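Chemist: Quick one: this structure, given as structure tokens, is what I'll be asking you about.
The values are calculated or read from the model by the stated rules, or taken from the named source; none is laboratory data. Quick caveat: nothing in here was measured; it's all calculated off a predicted structure. Here Cβ is always computed from backbone atoms with ideal geometry, including for glycine, and neighbour counts include all displayed protein chains.
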Amino acid sequence: MQTVSLRAAQLRDAEQIAAIYNYEVENTTATFDLVPRTILSQRQWLEARSGAFSAIVAEESSAGVIGFAALSTYRDRAGYRTTVENSVYVDRNHQRKGVGKLLLTALVDIAKDSGFHTIIARIDSQSRGSLALHKSLNFVEVGIEREIGRKFGRWLDSVIMQRMLHET
């Protein structure tokens with residue numbers, strides 16, 4: 001594997017980010033999204049992200065963007081403002097090479113530095129790689145939402161994993 005660097009996502013990354021995400025939309029249950037993102041909607045998503053909620057990308061010099069990740073608001077009510085939810089997506093040709101771990105480790109650091117208390121991950125129960133990745137970075141399973149989504153003609157369960165960022 002070439003050297004992978006992390007940096008803040010920029011508008012010029014929209015096409016590569018959309019390609020990574022849309023593969024997952026069309027072929028996997030890594031996202032319960034059913035509609036691929038247009039380049040315009042991907043740019044709008046990037047424009048709306050700032051501060052601790054900025055997206056980051058993993059990049060190789062020869063391949064460009066090979067993964068992306070972001071923190072999102074967990075819920076819109078004020079009482080949840082110290083909790084965030086993470087998303088990590090890696091290009092299919094670069095999975096199982098440590099890219100996801102680099103991205104998720106960076107998100108954990110961003111969340112800590114931003115003063116958040118905990119991170120939540122919602123993961124398809126059949127996504128063994130994502131479950132293992134989160135477990136390797138000290139996320140613990142705190143629940144399962146049964147048949148919460150439907151994709152490819154079947155019901156999907158979502159595993160809720162959580163990582164506390166600060167001692168209470």
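Chemist: Among residues belonging to the range 1-18 that are without any contact (Cβ under 8 Å) to a residue 60 or more places away in the chain, surrounded by fewer than 16 Cβ atoms within 10 Å (Cβ to Cβ) and not polar (S, T, N, Q), point out the one that is farthest from R122 (Cα to Cα).
Modeler: For the range 1-18, the residue satisfying everything is R12.
Chemist: Among the residues in the range 145-152, are any within 15 Å of the chain's Cα centre (by Cα) and either outside any strand (DSSP E or B) or surrounded by 12 or more Cβ atoms within 10 Å (Cβ to Cβ) (or both)? Talk me through it step by step, then tell me what you get.
Modeler: Let us first name the residues in the range 145-152 that are within 15 Å of the chain's Cα centre (by Cα), namely none.
No; the residues of the range 145-152 include none that is within 15 Å of the chain's Cα centre (by Cα) and either outside any strand (DSSP E or B) or surrounded by 12 or more Cβ atoms within 10 Å (Cβ to Cβ) (or both).
Chemist: On the given criteria, is A78 free of Cβ contacts under 8 Å to residues at least 60 places away in the same chain, aliphatic (A, V, I, L, M) and over 25 Å from G129 (Cα atoms)?
Modeler: The answer is yes for A78.
Chemist: Exactly one condition in (1) modelled with pLDDT of 95 or more; (2) surrounded by 12 or more Cβ atoms within 10 Å (Cβ to Cβ) is false for A63; which is it?
Modeler: (1)
Chemist: I would also like to ask the following. Please determine, by comparing only the residues of the range 153-168 that are within 17 Å of T105 (Cβ to Cβ) and hydrophobic (A, V, I, L, M, F, W, C), which one is nearest to the chain's Cα centre (by Cα).
Modeler: It comes out as M161.
Chemist: S72 passes all but one of (1) surrounded by 14 or more Cβ atoms within 10 Å (Cβ to Cβ); (2) assigned to a strand (DSSP E or B); (3) of a type outside the set (V, I, T); which number fails?
Modeler: That leaves (1) as the condition not met.
Chemist: Name every residue in the range 83-96 that is closer than 17 Å to T3 by Cβ and either loosely packed, with under 15 Cβ neighbours inside 10 Å or among the polar types (S, T, N, Q) (or both), in order of residue number.
Modeler: N93
Chemist: What number goes with the only condition from (1) crowded, with 16+ Cβ neighbours inside 10 Å; (2) at pLDDT below 95 that F139 does not pass?
Modeler: Answer for F139: the failing condition is (2).
Chemist: Regarding L107, is this residue surrounded by 14 or more Cβ atoms within 10 Å (Cβ to Cβ) and either more than 14 Å from the chain's Cα centre (by Cα) or in contact (Cβ under 8 Å) with a residue 40 or more places away in the chain (or both)?
Modeler: Yes: the conditions hold for L107.
Chemist: Name the single residue, out of those in the range 33-69 being outside any loop (DSSP other than H, G, I, E, B) and in contact (Cβ under 8 Å) with a residue 60 or more places away in the chain, that is farthest from R96 (Cα to Cα).
Modeler: Filtering the range 33-69 for residues outside any loop (DSSP other than H, G, I, E, B) gives 39-47, 51-53, 56-60, 64-69.
Then drop every residue that is not in contact (Cβ under 8 Å) with a residue 60 or more places away in the chain, which leaves 51-52, 66.
Values: G51: 29, A52: 26, I66: 12 Å.
Out of the qualifying residues, it is G51.
Chemist: Continuing with this model, one more query. Could you identify the single residue in R163, R96 that is basic (K, R), out of contact with any Lys or Arg (no Cβ under 8 Å at 6 or more places or on another chain), more than 16 Å from T31 (Cα to Cα) and part of a strand (DSSP E or B)?
Modeler: R163
Chemist: Look at L133 and say whether it is touching a Gly at 6+ places or on another chain (Cβ under 6 Å) and closer than 26 Å to L34 by Cα.
Modeler: Working: touching a Gly at 6+ places or on another chain (Cβ under 6 Å): yes; closer than 26 Å to L34 by Cα: yes.
Yes.
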